[in-house]
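Submitted below is the structure of interest, expressed as structure tokens.
The values are calculated or read from the model by the stated rules, or taken from the named source; none is laboratory data. Being a predicted model, the structure only gives us computed values, none of them experimental. Using ideal geometry, Cβ is built from the backbone for each residue, glycine included, and neighbour counts are taken over all protein chains shown. Ligands, DNA and RNA are excluded from the accessible area calculation, which covers all protein heavy atoms including side chains. Shrake-Rupley method; radii C 1.70, N 1.55, O 1.52, S 1.80 Å.
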Amino acid sequence: MSSAVLYLAIVAVWAVVLVPMWLRRDTETTGISRLLHKRPDEPVADDEEETLPDEETPAPRRPVRRATVIARRRRRTAGLAALLFTSVAITAAGVAPWWIIAPPVLLLAGHLALLRVAVGMDAARRRAAAQARAAARARALQARRAAETAEPAEVIELVTPDEVFDQYADDRRAVGE
């Protein structure tokens, strides 16, 4: 009986870990999967050619879109909620003791706390972007008004002198000669 609970717990943990990895394996290429699945835009070094260290620059990371982050958060929340529901169902069925519910509750509570912080950070980022846009509009309006009220520049005609200065002329001498 207890080995069945252990196997069920192992399967549940692996499902929580592996399913998200399988879902995003095509978007992230890190570690061993990067070595196994080379992208076509990456250069492949031949044995005959040696690459210099400054030629081996890491590829720039693509910026993560907001929709991707939100989808990842939703998947994680749904997975943790499913884990909690499963543990409650197992406990209600009498298969496992009551304390088996504690880890999923703690995980979900920690995740929700992190989501709350992330929401605050997103709101602060949006406020900062809105303030930056408003400041840019104000600067553009001020520059436009300054350009409209500025007086036109005065054109000064340059007069050419009658005698052009010649440093090699005979009547010019250096000091002390």
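Any chance you could look up the accessible area of MET21 with a 1.4 Å probe, heavy atoms only, rounded to 10 Å²?
Near enough 100 Å² of accessible area.
Moving to a separate point now. Leaving ligands, DNA and RNA out of it, rank LEU106, LEU8, LEU158, LEU84 by accessible area with a 1.4 Å probe, largest first.
Result, largest first: LEU158, LEU106, LEU8, LEU84.
Which value, in Å² and to the nearest 10, is the accessible area of VAL16 when all protein chains are kept and the probe is 1.4 Å?
The value for VAL16 is about 60 Å².
What length, rounded to one decimal in nm, is gained on full extension from ALA153 through to ALA123, with 0.36 nm per residue of separation minus their alpha-carbon distance?
6.1 nm
Karplus couplings for segment 143-156 from phi (6.51 cos²θ - 1.76 cosθ + 1.60, θ = phi - 60°), rounded to Hz, Gly and Pro as x?
Per-residue couplings from phi come out as 5, 5, 5, 5, 5, 6, 8, 6, 6, x, 6, 8, 8, 9 Hz.
Same structure again: Just to verify a number: what accessible area does GLU148 come out at with the full protein assembly present, 1.4 Å probe, Å² rounded to tens?
For GLU148, the solvent-accessible surface is approximately 140 Å².
Gain in length, TRP22 to ARG144, computed as 0.36 nm per residue apart minus the alpha-carbon separation, to one decimal in nm?
Roughly 38.5 nm would be gained on extension.
Note the full-extension length gain between LEU8 and VAL64 as 0.36 nm times their separation in residues minus their Cα-Cα distance, in nm to one decimal.
That pair, LEU8 and VAL64, stretches by 16.7 nm at full extension.
Could I have the simple spin-label model distance between ALA78 and ALA136, label points 7 Å from Cα toward Cβ, reported in nm to one decimal?
3.5
For ILE10, ILE100, what's the largest-to-smallest order of accessible area, 1.4 Å probe?
Sorted by accessible area, descending: ILE10, ILE100.
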